[in-house]
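Remarks on the structure that follows.
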């Protein structure tokens, strides 16, 4: 990986974000820390999903299944088996999520394209329905991740005060994310990653040159599940309570998918950036208006149009938004031309939509 100035600035910005925020948040409000936690962990799950999107061109609509499996594993072990160690909870969450990914992947990868996507969605909703209906995992109320007499997990056998716990879990999250990103970077730049790229470009050709396509794609699917389960286990430790709607519901799968696209699924850290941006927009929108979903949607639409390759991907390769910003600095009068061009494009799009509707309803052009 070549260290361009943009990449250096990006890594430094992430370092400052990870290191400085806990002190700021502890002085103001722990809510800020929890919001950042959520963004980073959902982004980590999106990094796993990125393996499928970027390298195999498969789209999973059920990635929340692995996120939720990891989170619920931590909850079940903490509540019913009184496992207090953060490390054991996280390891078990990752292991069970990996096994779940193996089962779902083995069954879903018999198909490709839309059928694969719908199968992953179906499995995700099946797990959601089970979590909703089983009192063993708390039903719709969810399950607590507060083991032991101290009502929270321990690190290396040491009990932690609540404020210390929040910061310790934060830095544990930082460590997990950094190691996970490094491992992913090594994987995608390995012969295995190159083989996945070949499969994504042309499955038939990849099989013809001797690549075991099904085995490699299953390995990629399981790898994506590992990252989802790891993020889910950390989420359980951070939130200390797990509910079906926040972990297993299909909208969570959609958000994770959108995070990968928003940040740039052709990049390594793009999905992580997308997760932080999306969660931050949702949180800020709630503070300013009751219509925060509409506000978030509007901002995201602008981001998608301004960064067609995702935020990180567009910044790396150069985006129309950056080109237009430079042109605007050189000649502010071009803004009027852009407004006119946008209006003309909107009228043309509405005209095409009208024609398509007529064809759909009446069957005539």
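The values are calculated or read from the model by the stated rules, or taken from the named source; none is laboratory data. Keep in mind the model is a prediction, meaning the values are calculated, not measured. Ideal geometry is used to build each Cβ from the backbone, glycine not excepted, and the neighbour counts take in all protein chains shown.
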Check your understanding: Among the numbered criteria (1) more than 21 Å from residue 165 (Cα to Cα); (2) under 16 Å from the mean Cα position of the chain (by Cα), which single criterion is violated by residue 56?
Key -> (2)
Practice item. State yes or no: is residue 102 assigned to a helix (DSSP H, G or I), in contact (Cβ under 8 Å) with a residue 40 or more places away in the chain, in the same structural domain as residue 204 (by TED's automatic domain parsing) and surrounded by 20 or more Cβ atoms within 10 Å (Cβ to Cβ)? Key: no
Practice item. Could you list, in sequence order, all residues of the range 151-168 that are surrounded by 13 or more Cβ atoms within 10 Å (Cβ to Cβ), in contact (Cβ under 8 Å) with a residue 24 or more places away in the chain and farther than 22 Å from residue 272 by Cα? Key: 152, 153, 154, 155
Check your understanding: Within the range 131-142, can one find any residue that is at positive phi, surrounded by 13 or more Cβ atoms within 10 Å (Cβ to Cβ), in the same structural domain as residue 236 (by TED's automatic domain parsing) and part of a loop (DSSP other than H, G, I, E, B)?
Key -> yes
Check your understanding: Can you pull out the helices (runs of 4 or more DSSP H) entirely within the range 171-283 that have at least 1 residues that are under 21 Å from residue 315 (Cβ atoms) and within 20 Å of the chain's Cα centre (by Cα)?
Key -> 250-263
**Study point:** Number of positions in the range 143-170 that are at pLDDT 80 or above and assigned to a helix (DSSP H, G or I)
**Key:** 3
Review point. Is it the case that some residue within the range 194-201 is under 21 Å from residue 62 (Cβ atoms), touching a strand residue (DSSP E or B) at 6+ places or on another chain (Cβ under 8 Å) and at pLDDT 85 or above?
Key: no
Check your understanding: Can you tell me which residues in the range 193-244 are within 20 Å of residue 98 (Cα to Cα) and exposed (fewer than 15 other Cβ atoms within 10 Å of the Cβ)?
Key -> 214, 215
Review point. Is it the case that residue 114 is in a helix (DSSP H, G or I) and surrounded by 14 or more Cβ atoms within 10 Å (Cβ to Cβ)?
Key: no
Exercise for review: Within the range 169-192, track down each residue that is surrounded by 19 or more Cβ atoms within 10 Å (Cβ to Cβ) and either farther than 17 Å from residue 236 by Cβ or touching a strand residue (DSSP E or B) at 6+ places or on another chain (Cβ under 7 Å) (or both).
Suggested key: 184
Practice item. Out of 76, 51, report the one residue that is touching a residue at least 60 places away in the same chain (Cβ under 8 Å), touching a strand residue (DSSP E or B) at 6+ places or on another chain (Cβ under 9 Å) and part of a helix (DSSP H, G or I). Key: 76
Check your understanding: Has the range 299-311 got any residue that is under 21 Å from residue 48 (Cα atoms), assigned to a helix (DSSP H, G or I) and modelled with pLDDT of 75 or more?
Key -> yes
